[in-house]
Amino acid sequence: MVIVDCHWPEHREKLILGQRVILKTDQELADLTCLYEITKALASSIDLRECLERIMAILSAETGMSNGTVTIINPVTGQLEIEVAHGMTAEARSRGKYKIGEGITGRVVASGAPIVVPQISEEPLFLNRTKSRGDVSRKTISFICVPVKHGQQTIGALSIDREDKKGVDFEKDLQFLTVLSGLVAQTVVRIQAVNEERERLQRENKQLKRELSGKYQFEHIVSNSSRMQEVFEMMHRVADSTATVLLRGQSGTGKTLIAKALHYNSKRAREPFVVVNCSALPETLLESELFGHEKGAFTGANMVKKGRFELAEGGTLFLDEIGELSQNVQVKLLNVIQDREFQRLGGTRVIKTNVRLVAATNKDLENAVAVGLFRDDLYYRLNVFPIYLPPLRERRTDVLLLADFFLQKYSKENNKDIRRISTPAIDLLMQYHWPGNVRELENCMERAVLICDDDSIKGYHLPPSLQTSESVNNLGMTSSFASAVEHFEQELIVDALKKTGGNQTKAADLLSTSLRIINYKIGKYNIDIRQFKAGKS
């Protein structure tokens with residue numbers, strides 16, 4: 001609706017819903033002003049009940065129409081239920097339920113046509129179910145009800161009472177309420193759509209939280225080594241406490257995974273888990289990220305920004321690579337840990353914080369303290385409950401377990417049917433020293449899945465770093481071209497024998513060679529046929 005400025009009395013031209021209208025009376029101007037106020041109210045709210053109550057109040061104050069009521073079809077029960085009714089008690093509203101076709105309101109919804117009742121005391125169809133008007137037989141009240149339509153579908157009804165006075169123009173009231181019902185319909189549909197989207201997002205959020213909680217259960221962390229069982233025992237002991245945890249270990253050992261597991265197995269699981277990588281940000285930016293800043297705190301600070309401590313309120317703040325903190329940030333972090341309060345950058349207001357801290361580092365903090373690179377008081381504050389994560393080379397029993405887990409994960413993600421890892425590939429995985437730990441193993445298996453077009457991972461699918469002279473020599477071979485070819489040839493034969501249950505003839509057919517050559521190669525590489533016989537492969 002567009003309002004075009006007008007003055008008295010010669011400029012009474014208006015645009016209503018795109019149509020040019022000449023206003024002839026003061027009443028028309030009053031109606032238009034009322035519609036304008038109602039439109040503003042409809043556009044400024046996302047709460048349906050609050051919005052409709054406001055427009056019913058405006059309707060009553062500006063036009064003298066009383067008992068303004070909006071009735072909407074309940075999509076679950078299919079009944080008409082009063083959404084709002086100006087001046088009506090909650091008890092009276094609860095009584096105002098109608099079947100479609102029942103009473104005046106029900107008939108309006110069923111037919112999609114308005115109804116005017118000049119005198120409700122004389123109309124048997126008027127049920128007065130809410131009892132809000134008292135004894136209607138002694139009152140002269142008119143009742144107007146118009147459908148609320150969205151397109152061709154009637155979704156409810158809008159009704160008002162009029163005192164039965166001489167000079168009341170029901171036709172004009174009907175026109176006015178029809179325009180209003182159109183605005184109400186648009187608002188109802190808009191707000192219902194917003195509410196449905198909000199509910200959908202809330203459901204998804206709850207589902208994701210449940211999935212996260214399940215994903216990071218201790219028992220879902222892939223490991224069966226005795227070293228990691230010790231880690232799990234310590235995690236169980238500290239998970240529900242508020243103690244600061246310091247995760248120690250080489251890069252790629254899974255410190256972030258353990259931090260998440262600590263959070264999602266604690267009483268804070270429903271609250272935020274916020275991560276800060278202390279090595280990824282420069283000092284000035286890191287301070288702002290941690291503690292936030294006020295508007296104008298520095299060039300480019302155009303608005304107030306909450307820091308990670310505020311965002312993690314009630315939950316867990318994970319400070320990764322904490323050994324990289326500058327001395328200046330170390331001092332401020334120490335104050336937060338000690339006093340549980342801080343100030344935003346450029347601010348003066350003290351902000352209290354309730355955050356559980358988990359820190360991680362791959363550095364030797366004791367040595368950093370000794371040479372003056374890390375504050376000893378901060379070190380002692382962080383080192384309340386240290387947990388050491390062993391490197392992958394110290395937990396060899398986990399290598400194959402993790403490799404198989406990553407194989408299934410990336411096979412599913414890439415829609416591939418790769419069922420196993422070949423014996424020579426397993427040998428390479430087990431002999432490698434894994435300087436990059438679990439992260440390197442995961443990247444290795446992802447790469448192998450991407451380049452594999454068979455149903456099993458072969459040695460040549462693995463990265464060249466696993467087939468260096470050191471790795472090959474660990475298998476009792478030289479690093480010559482001839483030995484590399486022999487190793488590849490042996491792997492192909494072993495894989496074929498596995499598939500055929502030790503049947504040399506079928507293995508020869510599978511490799512498109514002769515039985516004589518297969519038997520010769522089996523003897524040359526000392527391959528034990530018995531281990532591939534049916535039931536033993």
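Read-outs throughout are calculated quantities, based only on the coordinates presented, and are distinct from any laboratory measurement. Values in this document were obtained by computation on a predicted structure and should not be read as measured data. Reconstructed Cβ throughout: ideal geometry from the backbone, glycine too, with neighbour counts over all protein chains shown.
Observations, loosely collected:
- J(HN,Hα) series, the stretch 275-286, from Karplus relation 6.51 cos²θ - 1.76 cosθ + 1.60, nearest Hz, glycine and proline x: 10, 10, 8, 5, 8, 8, 10, x, 3, 5, 6, 5
- Note on LEU262, LEU334: ascending count of other Cβ atoms within 10 Å places them as LEU334, LEU262, the fewest first.
- Scaled against 2.2 N^0.38 Å for its residue count N, the alpha carbon radius of gyration of the stretch 262-402 is 1.16.
- Cα Rg over Rh - the stretch 480-537, Kirkwood: 0.97
- Links that overshoot a 30 Å alpha carbon limit, given the list LYS255/LYS499; LYS332/LYS363; LYS260/LYS363; LYS255/LYS305; LYS40/LYS295: LYS255/LYS499; LYS40/LYS295
- Here the spin labels are modelled as points 7 Å beyond Cα on the Cα-Cβ line, and at SER111 and GLU486 they lie 10.0 nm apart.
- Each listed q (0.15, 0.24 Å⁻¹) maps to a log10 I(q)/I(0) for the stretch 392-478, found by the Debye formula over equal Cα scatterers with no solvent: -0.49, -1.23.
- Residue-wise HN-Hα couplings along the stretch 414-426, as the Karplus relation 6.51 cos²θ - 1.76 cosθ + 1.60 with θ = phi - 60° gives them from phi, are 9, 6, 10, 10, 9, 9, 7, 10, 5, 4, x, 5, 4 Hz; Gly and Pro carry x.
- Inter-centroid distance (Cα atoms) of the stretch 36-77 relative to the stretch 397-419, Å: 59
- The chymotrypsin sites (Phe, Trp or Tyr not before Pro) of the stretch 270-343 that meet both conditions, a loop assignment by DSSP and at most 12 other Cβ atoms within 10 Å of the site Cβ, are PHE298.
- Nearest-0.05 FRET efficiency for ASP455 and ASP47, computed from C-beta distance (R0 45 Å): 0.20
- When each of LYS267/LYS352; LYS498/LYS521; LYS458/LYS498 is checked by Cα-Cα distance, pairs over 18 Å: LYS267/LYS352
- Listed by chain and number, the aspartates and glutamates placed with their C-alpha closer than 17 angstrom to that of LYS412 are ASP404, GLU442, GLU446, ASP453, ASP454, ASP455; residues fewer than eight positions away on the same chain are left out.
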